[in-house]
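The values are calculated or read from the model by the stated rules, or taken from the named source; none is laboratory data. The shown structure was predicted, so the numbers you read here are calculated from the model rather than taken from an experiment. All Cβ positions, even for glycine, are placed from backbone atoms using ideal geometry, and neighbour counts span all protein chains on display.
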Amino acid sequence: MRILFICSEYEGLIKTGGLADACRGLASSLLAAGHQVSVILPRYGALYNVTTEGEASVFVELGGQQFGCAVRSTQLHGVTVYLVEHHDFFARERPYDDGQHGYADNPLRFAFFCKVAIAWAARQQVFDVLHGHDWQSAPAAFYLHQHHQYNQRQHSSQSLAGVPFVFTIHNGAYQQQSDAGWAPQLGLPLRQQAVQDEHDHEYPHQLNFLQIALQYATKINTVSQGYRDELLSEPAANGLAGWYQLRQPDFSGILNGCDYQLWDPATDQAISANFHAGDLAGKATCKRQLQQECQLAQSNVPLLVAVSRVTGQKGYDILIPALKHLLNHYPVQVVIVGSGEASYCRQLHQLTVVFPDKFRFIEGFNEQLAHQVEAAGDFFLMPSLFEPCGLNQLYSLRYGTLPVVRLTGGLKDTVVPWPDNKATGIGFTEPNTEALLEALRQALKLYQDQQAYKKIQQRAMTQSFSWEEATEQYLVLYRHAVDAAAKMNN
């Protein structure tokens, strides 16, 4: 099949979170399975140092105004990536925000990107499926629908005739809700109700990018079956439960895969020593190395780690008070790496001051350090309020760093909580500090029984969540989408 990803980030070029990893992982796996995959994304400021070749000029109309751009290409591990170059819209230091607030013109920036993607794809005449990812690509579903309607009225043969739009929701909390005044300029429909909903007054009729995709995409999926089921009701759906319910026959859950070529402690070049389930000596070396780098005592006490965005979604409202109690009363060490909301970061820096011999917060993100932390930890902290799929728990399982997770979304689908006889980690259900503390006490109790701990650790390391399995499910989804689009076209 010939597939075009319309996305806003792609690992190896631009990354702010798991969306980039998922797009790269799926694209690479589809390519390995013999399919043709192309990617189109904005050329942000950070991508101007990427070597490109070729240039196509594309002009689109928004609100009666003409906008033009260049589309250039580059190669990344066999995948052709097309970069939409518009200096005013995309040549900025950060993709979506200034570090504090989303850019005020994000509706225009990403509507433009989507309209260019459809216009450019129509010119290429080579795609069987267009695959959009998250709200940044959502308007493309409507622009493709509009493109079909126009060409049908003109009785013209069009290159995208019968080409479906598949839409993947990586995080349904991000919807790009905008003032209704944007709609005429962008040529997009205002938010509509799917059903009569008594809660609809809480979500005034405005422009909602995600809702547009839910209405116009041929097929919809999200990144785990657990999260798919949660999105069918509020509050998880963030006001769009009616649309998920309406599209339920076209709405599936496909668990993200893990790129074990990048995340395998037996071959990982970013860690101090390699190891595997049959020989964990290297893991102890990694722990000592991280302790040394963080200026913590080289002790055998449990080392709890996290690598995450420091946001409310990741559970920091319940994690920070739980850590204060844990650090006060138990012999542990904690290392957290991440960046995000300033209020949480300040509190984590304060923990470093109060517990200098037990706690370190490293603000920022570094890919090599992320690997080192995964390899060094005894437990990985992931108390998310919601988690569409989650990737770090998959990395942690393979690295023998038992995940401590809230049993929600993809975390529930991938971690079996102790004391189940198939346990691969620690789990809790209620999103509060006491429930998390009880899970942490369980983790410390398990760690004291090293024989039981190592048995679960080795079981965790043998779990496999490969992209190959996810790819087979995506190919079925694509075929169903092609069939559905063909029926509509006829």
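Filter the range 143-182 down to residues that are among the hydrophobic types (A, V, I, L, M, F, W, C) and buried (at least 18 other Cβ atoms within 10 Å of the Cβ) and give me whichever is nearest to Asn238 (Cα to Cα). It would help to see each step written out before you state the result.
Just the residues of the range 143-182 that are among the hydrophobic types (A, V, I, L, M, F, W, C), to begin with: 144, 160-161, 163, 165-167, 169, 173, 180, 182.
Then drop every residue that is not buried (at least 18 other Cβ atoms within 10 Å of the Cβ), which leaves 144, 160, 163, 165-167, 169, 182.
Numbers: Leu144: 26, Leu160: 33, Val163: 30, Phe165: 23, Val166: 21, Phe167: 18, Ile169: 13, Trp182: 21 Å.
For the range 143-182, the residue satisfying everything is Ile169.
Show me the helices (runs of 4 or more DSSP H) found entirely inside the range 95-199 where at least 2 residues are within 28 Å of His35 (Cβ to Cβ), in contact with a helix residue (DSSP H, G or I) (Cβ under 9 Å, 6 or more places away or on another chain) and not β-branched (Val, Ile, Thr).
Values: elements: 106-124, 139-153, 182-186.
Filter on the range 95-199 gives 106-124, 139-153.
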*Just for the range 9-27: of the residues that are in contact with a Phe, Trp or Tyr (Cβ under 7 Å, 6 or more places away or on another chain) and small (Gly, Ala, Ser), which one is nearest to Gly172 (Cα to Cα)?*
Ala20
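Could you grab me the full set of residues in the range 47-69 that are more than 24 Å from Glu11 (Cβ to Cβ) and outside any loop (DSSP other than H, G, I, E, B)? Working first, answer last.
Restricting attention to the range 47-69, the residues satisfying the condition of being more than 24 Å from Glu11 (Cβ to Cβ) are 55-68.
Within the range 47-69, Glu55, Ala56, Ser57, Val58, Phe59, Val60, Glu61, Leu62, Gln65, Gln66, Phe67, Gly68 qualify.
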*Show the residue pairs that are 6+ apart or on different chains and have beta-carbon atoms under 8 Å apart, the first residue being within the range 399-416 and among the aromatic types (Phe, Trp, Tyr), the second being not in a helix (DSSP H, G or I).*
Tyr399/Trp263; Tyr399/Pro265; Tyr399/Gly377
*Could you list, in sequence order, all residues of the range 364-381 that are part of a strand (DSSP E or B) and in contact with a helix residue (DSSP H, G or I) (Cβ under 6 Å, 6 or more places away or on another chain)?*
Phe379, Phe380
*Go through the range 296-341 and count every residue that is closer than 14 Å to Phe380 by Cβ, over 26 Å from the mean Cα position of the chain (by Cα) and in a loop (DSSP other than H, G, I, E, B).*
2
*Does at least one position in the range 461-477 carry a residue that is without any contact (Cβ under 8 Å) to a residue 60 or more places away in the chain and surrounded by 15 or more Cβ atoms within 10 Å (Cβ to Cβ)?*
no
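Every residue, every condition in (1) over 23 Å from Gln193 (Cβ atoms); (2) in contact (Cβ under 8 Å) with a residue 12 or more places away in the chain, yes or no:
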{"site": "Thr222", "(1), (2)": "no, yes"}
{"site": "Leu231", "(1), (2)": "no, yes"}
{"site": "Gly239", "(1), (2)": "no, yes"}
{"site": "Gly242", "(1), (2)": "no, yes"}
{"site": "Pro249", "(1), (2)": "no, no"}
{"site": "Cys258", "(1), (2)": "yes, yes"}
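From the list Ala119, Ala56, Ala70, Ala104, exactly one residue is free of Cβ contacts under 8 Å to residues at least 12 places away in the same chain, of a type in the set (A, V, I, L, M, F, W, C), farther than 21 Å from Lys219 by Cβ and in the same structural domain as Leu190 (by TED's automatic domain parsing). Which is it? Don't jump to the end; show me each part of the working.
Working: Ala119 fails: free of Cβ contacts under 8 Å to residues at least 12 places away in the same chain; Ala56 fails: free of Cβ contacts under 8 Å to residues at least 12 places away in the same chain; Ala70 fails: free of Cβ contacts under 8 Å to residues at least 12 places away in the same chain.
Of the residues listed, the single one that is free of Cβ contacts under 8 Å to residues at least 12 places away in the same chain, of a type in the set (A, V, I, L, M, F, W, C), farther than 21 Å from Lys219 by Cβ and in the same structural domain as Leu190 (by TED's automatic domain parsing) is Ala104.
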*State all residues of the range 382-418 that are under 19 Å from Tyr447 (Cβ atoms) and assigned to a loop (DSSP other than H, G, I, E, B); if no residue qualifies, say none.*
Pro383, Tyr399, Gly400, Thr401, Val415, Val416, Trp418
*Residues that are part of a loop (DSSP other than H, G, I, E, B), in contact with a Leu (Cβ under 8 Å, 6 or more places away or on another chain) and surrounded by 16 or more Cβ atoms within 10 Å (Cβ to Cβ), drawn from the range 419-442*: Thr424, Pro431
*Check the range 283-290 and report whether any residue there is closer than 30 Å to Glu469 by Cα and in a helix (DSSP H, G or I).*
yes
_Name the residue that is surrounded by the fewest Cβ atoms within 10 Å (Cβ to Cβ), counting only residues in the range 1-48 that are without any contact (Cβ under 8 Å) to a residue 24 or more places away in the chain and within 27 Å of Ser308 (Cα to Cα)._
Lys15
*Here are some conditions: (1) in a strand (DSSP E or B); (2) out of contact with any Cys (no Cβ under 6 Å at 6 or more places or on another chain). Asp88 meets all but one. Which one does it not meet?*
(1)
*Residues in the range 235-276 that are assigned to a loop (DSSP other than H, G, I, E, B), assigned by TED's automatic domain parsing to the domain that holds Leu19 and more than 19 Å from the chain's Cα centre (by Cα): how many?*
4
*What are the residue pairs meeting all of these: first residue in the range 344-359, first residue in the same structural domain as Cys294 (by TED's automatic domain parsing), second residue part of a loop (DSSP other than H, G, I, E, B) and β-branched (Val, Ile, Thr), Cβ atoms under 8 Å, and 6 or more apart or on different chains?*
Tyr344/Thr311; Lys358/Val332
*Examine the range 346-356 for a residue that is touching a Ser or Thr at 6+ places or on another chain (Cβ under 9 Å) and at pLDDT 95 or above, and state whether such a residue exists.*
no
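Among the residues of the range 465-486, is any closer than 29 Å to Pro331 by Cβ, outside any helix (DSSP H, G or I) and under 22 Å from the mean Cα position of the chain (by Cα)? Lay out the reasoning, then the answer.
Our first condition is that a residue be closer than 29 Å to Pro331 by Cβ; within the range 465-486, this holds for none.
No: the range 465-486 contains no residue that is closer than 29 Å to Pro331 by Cβ, outside any helix (DSSP H, G or I) and under 22 Å from the mean Cα position of the chain (by Cα).
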*Can you tell me which of Gly132, Gly99, Gly181 is touching a Phe, Trp or Tyr at 6+ places or on another chain (Cβ under 8 Å) and either in the same structural domain as Val60 (by TED's automatic domain parsing) or modelled with pLDDT under 90 (or both)?*
Gly132
